[in-house]
Amino acid sequence: MASTPGDLTSLLSRLAAARVEFVLVGGLAAVAQGAPITTHDIDIVPRRTPENVAALLAFLETIHAQYRGRSSDQVLQPTAGILSGSGHSLLMTDLGPLDVLGAIEGGRTFDELVPHALDIPIGEHLVRVLGLPMLAELKRDSNHPKDRYTLAILEETIRRASR
């Protein structure tokens, strides 16, 4: 299923409306702050408390989340046990791809990312979005060519915003 920007915005807004605590990271976090990049999914780092994981799991059920890359006869849905861990759950939903990341580069979790996040209105809700300086720092530590390219864009966006 191909997602459109409207689908991703709707997915993010509905996730916030479900009162799931998370930090938006990755490409969409950069786009939300004016970086001119393209992304086709949503990357979040949720708070991994039992209550928040339960809220996330309930929300994922409403949008028919299942793991990407499986054939139609091998549907695998996320569980509370998996979402409570530090691994990555790469999901496809009715509204497009959603990557639920227990931790990101350097083992950074929700609690470590929140101080570097800002609240940005998405639809009718405020969404915690990882700030551009931390997004750039994460890319600086990467050797992936795509991340090196994105780093240049993030740094230029930061420079322009500081003028």
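The values are calculated or read from the model by the stated rules, or taken from the named source; none is laboratory data. Not measured: the values here are computed from a predicted model. With ideal geometry, Cβ positions are generated from the backbone for all residues, glycine too; neighbour counts draw on all protein chains shown.
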Take residue 60 and decide whether it is at pLDDT 95 or above and closer than 16 Å to residue 10 by Cα. yes
Please report, ordered by residue number, the helices (runs of 4 or more DSSP H) entirely within region 51-163 with at least 1 residues that are free of Cβ contacts under 8 Å to residues at least 60 places away in the same chain, surrounded by fewer than 19 Cβ atoms within 10 Å (Cβ to Cβ) and acidic (Asp, Glu). 110-113, 132-140, 145-162
Yes/no for residue 119 being acidic (Asp, Glu) and in contact with a Leu (Cβ under 7 Å, 6 or more places away or on another chain): yes
Have a look at 46, 36 and point out the one that is out of contact with any Asp or Glu (no Cβ under 6 Å at 6 or more places or on another chain), crowded, with 19+ Cβ neighbours inside 10 Å and either at pLDDT 95 or above or aromatic (Phe, Trp, Tyr) (or both). 46
In the set 31, 20, which member is of a type in the set (Val, Ile, Thr) and in contact (Cβ under 8 Å) with a residue 12 or more places away in the chain? 20
